[in-house]
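Reviewing the structure listed below.
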Amino acid sequence: LAGLNVHVVTLARDASGSKRNVGKFKEVAQSVAWRPDGRLIAAGDAGGTLHLIDAKSGATLRRLAGGHEPRSACRGACWLEGGSLAAAGGDGSVVLWDASTGAAVRKVTKAHADSCAAVASFQGTLVASCGYDGLARLWDLRTGGGAARTFAHGFKVEAVVACGGDRLATAGGRDVCVWDALDGKAPIHRFRDAHARACGALCVDAERQRLVSAGLDGLVKVHS
């Protein structure tokens, strides 16, 4: 992400690579999410629109707009089984979209009391969200209703990710927490002061055995 541009970078084993722009944006790009098959990219912008982009050609296929309040950024997205998408809004909302029709299927207006920072697919059908209210939540957006679980991280939560089995991980403040998604009462483990400054990003390796975090201290760390 770089301003109004989304770049796809291809890396080679000899450390060479290439970079190309995909999509067209009038608002600053906020987030990207690849569909598991690698063919589509969902990119959210600062105006609240979610762009569906053909990863090969770079063409914008569809724009999903109106899910969040006006001028509330689409801060994150994730793909679910069946081709649906969940999106996180700066207004605290979580929206479920049908990517094939562009229709908003369901909206949780106040999923978080403050900005919803990110969403992640959990076991293909559930959605994990996190927000600046210090909470992460697990939702079944297919059926509606309230959150199935709530996880009290304790700081503004910037990132959430499924990390294998029934586990979730959250990042916020300087800490990274690992949770049992079926319980949620307390973290299985808290990596205290994982970073010297705020931790803002999380991902897992291909085997979902190791967590990788990035912080404003300029470091990327591996946790196992």
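The values are calculated or read from the model by the stated rules, or taken from the named source; none is laboratory data. All values reported here derive from a predicted model rather than from experimental measurement. For neighbour counting, all protein chains shown are included, and Cβ atoms are generated from backbone atoms with ideal geometry for every residue, glycine included. Surface areas here come from the heavy atoms of the whole protein model, side chains and all, with no ligands, DNA or RNA. Shrake-Rupley method; radii C 1.70, N 1.55, O 1.52, S 1.80 Å.
Numerical summary
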read-out: Label assignment, mean projected area of the Cα convex hull in nm² derived from the structure, set (i) 12.0; (ii) 15.1; (iii) 14.2; value: (i)
read-out: Heavy atoms of residue 20 accessible to a 1.4 Å probe, total area in Å² rounded to 10; value: 90
read-out: Candidate lysines for bridging to residue 24, where Cα separation is under 27 Å - those fewer than 8 sequence places away on the same chain excluded; value: 56, 107
read-out: Counted charge near residue 85, where neighbours are those whose Cβ lies closer than 10 Å (Asp, Glu -1; Lys, Arg +1); value: 0
read-out: Highest-fluctuation residue, 19, 107, 185 considered, GNM on the chain with Cα pairs under 10 Å; value: 19
read-out: Positive minus negative residues near residue 45 (Lys, Arg vs Asp, Glu; Cβ under 12 Å); value: +4
read-out: Candidate residues 189, 7: accessible-area rank, largest first, probe 1.4 Å; value: 189, 7
read-out: Selected from 152, 88, 171 as most flexible by GNM, with the chain as the system and alpha-carbon contacts under 10 Å; value: 152
read-out: Relative contact order (percent, whole number), the chain, Cα cutoff 8 Å, 6+ residue spacing; value: 9
read-out: Alpha-carbon centroids, the stretch 90-133 and the stretch 57-72: separation in whole Å; value: 14
read-out: Residue of 41, 188, 53 that the Gaussian network model of the chain assigns the largest fluctuation, springs spanning Cα pairs under 10 Å; value: 188
read-out: Residue-level accessible surface for residue 60, protein heavy atoms, 1.4 Å, Å²; value: 40
read-out: Under 5 Å, built H, 5+ apart or other chain: amide partners of residue 131; value: 117, 157
read-out: Selection from 172, 38, 87 lying farthest towards where the dipole of the chain points positive, charges on Cβ; value: 38
read-out: Partner lysines for residue 110 [C-alpha distance under 25 Å; skip if fewer than 8 residues away on the same chain]; value: 156, 185
read-out: Neighbourhood charge, 11 Å Cβ-Cβ cut-off, centred on residue 7 and excluding it, Lys, Arg +1 and Asp, Glu -1; value: +2
